Amino acid sequence: MFAGAGEFLLFEKLKRISIFTGYFGSGKTEIALNYAIKLKETGKKVTLVDLDLINPYFRVRQVKKDFKEKGIAVVSPPGKLAGADIPALPPSIHGVLEDPGVYGVFDVGGGDIGATVLGRFKNRLPDGAFNLFLVVNTCRPYSRDAKDIINITRLIEKSSRLNVSALVSNTNLGSETDASIILAGHRIILEAAASMDLPVAFISMRTDLASAMENTGVPLLPLTIFMKTPWQ
């Protein structure tokens, strides 16, 4: 289960469809993968949906085989289209949206531009049927302060034609991340969330940093790192 204080929003107000979006370098793919595993551990039937049509790197489809072995299906463009940056959307996405027995975890990349793909499914995503989570890393461009975070939230809502449900606090500098970096970013994210009257669903961090975050009052999602560069 998830560690940390308080009720974890995704389980307190769990929807069958969980959508993770964010700007470049936010870490939303890593979070989607880890969330899917934790959700699977609760006994749910889980399918990951790769809707990242912008970034050719760090896509869910890269770990499709590994997650199948974990009992988690992955929906992504088939064959040669798996490595393309074109809008190839498998029809099986509709099955995930329609099957009441499946919990879908959607990874949507490319900020507001990438979020436009969600508009295609708006009629299958009525209010109250999903959670749309904006993953924020204040160490990346476009999200360094509260004003920036509010701006990208509104841009993603406009492009997707959906309302963001909560923010996810994921400030990091990769391997150079320490507790002070996470906490400094989290304070900024809390400020932005309060301005928009949104909750912060959880803080995510590498597993080895989780113990330093236990007194934040926000639930924690320790991360196993799946997305690695070719030289790692």
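The values are calculated or read from the model by the stated rules, or taken from the named source; none is laboratory data. These numbers were taken from a predicted model, which means no experiment stands behind them. In this analysis, Cβ positions are derived from the backbone assuming ideal geometry, glycine residues included, and neighbour counts consider all displayed protein chains.
At-a-glance table
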{"item": "Number of the exception - residue 148 against (1) modelled with pLDDT of 90 or more; (2) buried (at least 20 other Cβ atoms within 10 Å of the Cβ); (3) closer than 16 Å to residue 21 by Cβ", "result": "(2)"}
{"item": "Test for residue 163: is it loosely packed, with under 14 Cβ neighbours inside 10 Å, in contact (Cβ under 8 Å) with a residue 12 or more places away in the chain and closer than 27 Å to residue 104 by Cα", "result": "yes"}
{"item": "Residues of region 189-217 classified as under 23 Å from residue 154 (Cβ atoms) and surrounded by fewer than 21 Cβ atoms within 10 Å (Cβ to Cβ), total", "result": "8"}
{"item": "Among (1) at positive phi; (2) out of contact with any strand residue (DSSP E or B) (no Cβ under 8 Å at 6 or more places or on another chain); (3) at pLDDT 90 or above, the one test that residue 27 misses", "result": "(2)"}
{"item": "Test result for residue 56, more than 30 Å from residue 215 (Cα to Cα) and either surrounded by 14 or more Cβ atoms within 10 Å (Cβ to Cβ) or at pLDDT below 70 (or both)", "result": "yes"}
{"item": "Set 171, 153: member being modelled with pLDDT of 95 or more, hydroxyl-bearing (Ser, Thr, Tyr) and within 18 Å of residue 30 (Cβ to Cβ)", "result": "171"}
{"item": "Of all residues in region 94-116 being buried (at least 21 other Cβ atoms within 10 Å of the Cβ) and of a type in the set (A, V, I, L, M, F, W, C), the one that is modelled with the lowest pLDDT", "result": "115"}
{"item": "Residue under evaluation residue 93, criteria (1) more than 16 Å from residue 50 (Cβ to Cβ); (2) part of a helix (DSSP H, G or I), criterion not met", "result": "(1)"}
